[in-house]
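Colleague: One structure coming up, written as structure tokens, with questions to follow.
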Amino acid sequence: MRVWVWGLASSDGARGGAQEAAWGEPAWARAEASLLQELSKITMPVAFNEPLSFLQRITEYMEHVHLLHGASRQAQPLERMQVPPGPVRRPVLRSVAAFAVSAVASQWERTGKPFNPLLGETYELIREDLGFRFISEQVSHHPPVSAFYSEGLNQDFLLHGSIYPKLKFWGKSVEAEPRGTITLELLEHGEAYTWTNPTCCVHNVIIGKLWIEQYGTVEIVNHRTGDKCVLHFRPCGLFGKELHKVDGHIQDRKKKLFVIYGKWTECLWGIDAATYEAFRRQERRGEPLKRARPDGGPQKTEGDVVDAAPEPQETVQVIPGSKLLWRVNSRPPNSAQMYNFTSFAVSLNELETSMEKTLAPTDCRLRPDIRGMENGDMDLASQEKERLEEKQREARRERAKEDAEWQTRGPAAPVPRPSDTHVLTGAAPGRPGFCQPMRRVVLPREGLSAVALSRPRRWPWPRRHRRSLPHRWFRPGSNPYTGAPDWLYTGGYFERDFSGCPDIY
């Protein structure tokens, strides 16, 4: 018997047996005690993990960063509006939609649990070949909140946000409800887009074959033009006909302009809305349909193992006149023996001798438990995982005794002036723990503005983070475009002054 939490167990039989042995007889008791409870506080055996931190999982959003570079190179909004109606309209929003879908593609068959980041843990990645740099930090432990920030090396985009998933154990499945906003700023266009990831669910957590599905509605909003893209991640359904399917549309303030369809595990296609409706009318009348050649996804190399349950009923059927927006990268031939990692994920733990001198001492490449598992020493990984968790608990108890707040490094980050960014007016009268955003905010880049929510918002993180702004790399605040609670990058990480970083390992 086995129990899964946040993506556990592997399709590899030998590894699955090791996980079952790790649980032993008390598994049912643990499962019953965990039912409908918050799972982030439950300690799991290291055999259930994959040798990556959740911060590195977030970094996998950047695997298809070429879509953002392509969006930045598209025409300006006014020029796009002059293009006649057809499949070429709203090219930037199409690319952003494809990027939002590609960000979850690496989760396919990834049933290994990433290591929970320690409070203050960081991860950075600089890929000059892909044109971006990335920094993330674990800014809260209970509830777990991970903040991230990325920028194009050519100053073409900014991607930032904070993620605090709500995990629920339903007995037969575990559901991760995403919370937190992802924000993309295209600096060439002066445009900002926001969205939230779909819900992830893992089935057969007690017995049977583990499999993953994504479902829910994702709404991508262009906060300058009002255009939006609505994507529906379809649940599997009774017979598996909707497994992995995604469909949706791009619209302006009046009507649909472009239809998107495909699978988040394979590819994404788009077609002009009028052409799509004409095709569907022909299909309903029963007339002979002229179909494009079905897309079979990436070519499989010898050694790949496709082991999803239930099996997809068919591949993506391409409507004539459709344009390919995105296709998943083929995985390495031995991916099934490497936790189903993508080629991008395999490289995230690379640690050269020269890198140790420049990385922050809190970087998760330096975590001894992850490094032990990477090297195949499961006993060492388990011992180090227990040691680090106990060290974190002890540090928390010490802070509680002294009534001290967690501080990543150095003095509190200065609060920007009202002319620089979105600011807060302080606690609402008679409502402790609430903050009231300003009604309207002028942002740094010319022409951009955001209207905050008209009612107070409660911060979804501990009170100690609401009392002051002690963090160095990120600080709690409000998203400048939606007004929702968020963690904002304060800058300075890549100046590499790590003298005040905490000792968490």
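The values are calculated or read from the model by the stated rules, or taken from the named source; none is laboratory data. Nothing here was measured: the structure is a model prediction, and the numbers come from that model. All Cβ positions, glycine included, derive from the backbone under ideal geometry; neighbour counts span all protein chains shown. Please note that ligands, DNA and RNA were not included when accessible areas were found on the heavy atoms of the full protein model with its side chains. Shrake-Rupley method; radii C 1.70, N 1.55, O 1.52, S 1.80 Å.
Colleague: Multiplying the sequence separation of ARG73 and GLU177 by 0.36 nm and subtracting their Cα-Cα distance, what value in nm do you get?
Modeller: Extra length from ARG73 to GLU177 when fully extended: 34.1 nm.
Colleague: When the Karplus curve 6.51 cos²θ - 1.76 cosθ + 1.60 is applied with θ = phi - 60°, which whole-Hz ³J(HN,Hα) does each residue of the range 326-335 get, with x for Gly and Pro?
Modeller: Each residue of the range 326-335 in turn: 6, 9, 5, 6, 5, 7, x, x, 9, 4 Hz.
Colleague: Continuing with the same structure: Grab the Cα-Cα distance for THR358 and SER499, subtract it from 0.36 nm times how many residues apart they are, and report the gain in nm with one decimal.
Modeller: 49.6 nm
Colleague: From the protein chains alone at 1.4 Å, what is the descending order of accessible area for GLU350, GLU266, GLU242, largest first?
Modeller: Result of the area sort, largest leading: GLU350, GLU242, GLU266.
Colleague: Measure up LYS166/LYS401; LYS113/LYS209; LYS357/LYS401; LYS228/LYS263; LYS166/LYS245; LYS209/LYS263 against 26 Å on the Cα-Cα distance and list the ones that go over.
Modeller: Table pairs above 26 Å Cα-Cα are LYS166/LYS401; LYS357/LYS401.
Colleague: Follow-up. With a 1.4 Å probe and all protein chains kept in place, how much accessible area does LYS385 have, in Å² rounded to the nearest 10?
Modeller: 20
Colleague: Follow-up question, since we're still on this one. What are the ³J(HN,Hα) values, in whole Hz, obtained from phi via the Karplus relation 6.51 cos²θ - 1.76 cosθ + 1.60 with θ = phi - 60°, for each residue of the range 55-70 in sequence order, with x given for Gly and Pro?
Modeller: Per residue, the Karplus-derived 3J(HN,Hα) values read 4, 6, 4, 4, 4, 5, 4, 8, 4, 10, 5, 4, 5, 6, 4, x Hz.
Colleague: Count neighbours as other Cβ atoms within 10 Å of each site's Cβ, and list the trypsin sites (Lys or Arg not before Pro) in the range 95-182 that are DSSP loop with at most 13 such neighbours.
Modeller: LYS172
Colleague: Which value, in Å², gives the accessible area per residue of the range 137-231 when a 1.4 Å probe is used on the protein heavy atoms?
Modeller: Per-residue value: 30 Å².
Colleague: Turning to a different aspect of this structure: In square angstrom, what is the accessible area per residue of the range 315-394 with a 1.4 angstrom probe?
Modeller: Using a 1.4 Å probe on heavy atoms only, each residue of the range 315-394 averages 48 Å².
Colleague: Something else: Which residues' amide hydrogens lie under 5 Å from the amide hydrogen of GLY262, considering only partners 5 or more residues apart or on another chain, with H built in the peptide plane?
Modeller: Sorted by chain and number, the residues that satisfy this are VAL246, TRP269.
Colleague: Is any residue of the range 115-139 close enough, with backbone N under 20 Å, to a label point placed 7 angstrom from the Cα of GLN155 along the Cα-Cβ axis, and if so, which?
Modeller: In the range 115-139, the label zone of GLN155 (backbone N under 20 Å from the point 7 Å along Cα→Cβ) covers 127-135.
Colleague: Could you check how much of the accessible area of the range 193-295 is carbon and sulfur, as a whole percent, using a 1.4 Å probe?
Modeller: Summing carbon and sulfur atoms, their accessible area is 51 percent of the total for the range 193-295.
Colleague: Which of the chymotrypsin sites (Phe, Trp or Tyr not before Pro) found in the range 207-253 are in a DSSP loop and have at most 16 neighbouring Cβ atoms, other than their own, within 10 Å?
Modeller: For chymotrypsin sites (Phe, Trp or Tyr not before Pro) across the range 207-253 that sit outside H, G, I, E and B with at most 16 neighbouring Cβ atoms in 10 Å, the list reads PHE239.
Colleague: Once phi is turned into θ = phi - 60°, what whole-Hz ³J(HN,Hα) does the Karplus curve with 6.51, -1.76 and 1.60 give for every residue of the range 245-259, x standing for Gly and Pro?
Modeller: 6, 10, 8, x, 7, 10, 9, 9, 6, 10, 7, 6, 10, 8, 10
Colleague: For a quick check: with amide H placed at 1.01 Å from N, whose amide H comes under 5 Å from SER173's, ignoring anything fewer than 5 positions away on the same chain?
Modeller: So SER173 has HN proximity to VAL205.
Colleague: Counting only residues 5 or more places away or on other chains, whose amide H sits under 5 Å from the amide H of THR315 once H atoms are built in the peptide plane?
Modeller: Under 5 Å from the amide H of THR315: no residue qualifies.
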